[in-house]
1. Can you pull out every residue in the stretch 16-28 that is in contact with a Phe, Trp or Tyr (Cβ under 8 Å, 6 or more places away or on another chain) and not polar (S, T, N, Q)?
2. List the pairs whose first member sits in the stretch 124-146 and is more than 11 Å from residue 114 (Cα to Cα), whose second member is open to solvent by 80 Å² or more (accessible area, probe 1.4 Å) and at pLDDT 95 or above, and whose Cβ atoms are under 9 Å apart, counting only residues at least 6 apart or on separate chains?
3. Can you tell me which residues in the stretch 158-179 are over 15 Å from the mean Cα position of the chain (by Cα), at pLDDT 95 or above and among the polar types (S, T, N, Q)?
4. Take the residues in the stretch 18-55 that are free of Cβ contacts under 8 Å to residues at least 24 places away in the same chain and in a loop (DSSP other than H, G, I, E, B), then tell me which one is surrounded by the fewest Cβ atoms within 10 Å (Cβ to Cβ).
5. Could you pull out the residue among 94, 121, 132 that is modelled with pLDDT of 95 or more, part of a helix (DSSP H, G or I) and under 19 Å from residue 19 (Cβ atoms)?
6. Could you list, in sequence order, all residues of the stretch 1-15 that are open to solvent by less than 70 Å² (accessible area, probe 1.4 Å) and either within 15 Å of residue 77 (Cβ to Cβ) or without any contact (Cβ under 8 Å) to a residue 40 or more places away in the chain (or both)?
7. Would you be able to say whether some residue in the stretch 152-170 is in contact (Cβ under 8 Å) with a residue 60 or more places away in the chain and closer than 14 Å to residue 98 by Cβ?
8. Does residue 76 satisfy the criteria of being modelled with pLDDT of 95 or more and closer than 26 Å to residue 158 by Cα?
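The values are calculated or read from the model by the stated rules, or taken from the named source; none is laboratory data. If you're wondering where the values come from, they're calculated on a predicted model, not measured in any experiment. No Cβ is skipped: glycine too gets one built from the backbone with ideal geometry, and neighbour counts run over all protein chains shown. Just so you know, the surface numbers come from the protein's heavy atoms only, side chains and all, with ligands and any DNA or RNA stripped out. Shrake-Rupley method; radii C 1.70, N 1.55, O 1.52, S 1.80 Å.
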Amino acid sequence: MTTSSGDFDLTMDELRVVTRYAVESAQEVLPVFEAAVPGDSRPRAAVEAAWEFVNGARRSNLQRVASLEAHRAAKEAGTETALLAARSAGDAAAAAYLHPIARATQVGHILRAAATAARVAELTAGDDPAVAELQIEQARQRATPALISVLCRYPSAPTGRNRVAQLMSALDAALRAPR
């Protein structure tokens, strides 16, 4: 089964691989949000919606709505780390809707949750870039051949000015490099 046509085909199994990769990262930093904003369950709902899709449920409006709600929670978060953790959760749910169009911006659906989680770890460690580099390396090691195959159908991640964009570009380059 493929998604709607675009520049290439993506199967539901491939979308599940991408979503799994994103939600594994988001799940790692979810406690950061929950410690900062204990009464807000929206990012957790996004993580759960992503896992439902990964575990075989149909892709549905659940992932879209949960993603939007997690991003709303991010805007209301009181700290940068909580904001980023909520965004990572929202990005994980949104990964189920990666589009099969060859645009560099689509790479964010694949890698932004992991890059954001690396930034959360970096900030939590006193803004230590070595911690982010370690997280990026761990994200590279977690990537399966199927994930890399999907990633390589897209142009390289756009270079951005903010730290999350820089980390996403670093992860993208690491995943595309010959092993």
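1. 16, 23
2. 131/124; 144/20; 146/13
3. The answer is 162, and nothing else.
4. It comes out as 39.
5. Among 94, 121, 132, only 94 is modelled with pLDDT of 95 or more, part of a helix (DSSP H, G or I) and under 19 Å from residue 19 (Cβ atoms).
6. Passing the criteria: only 11.
7. Yes, the stretch 152-170 contains a residue that is in contact (Cβ under 8 Å) with a residue 60 or more places away in the chain and closer than 14 Å to residue 98 by Cβ.
8. Numbers: modelled with pLDDT of 95 or more: yes; closer than 26 Å to residue 158 by Cα: no.
When the stated conditions are applied, residue 76 does not pass them.
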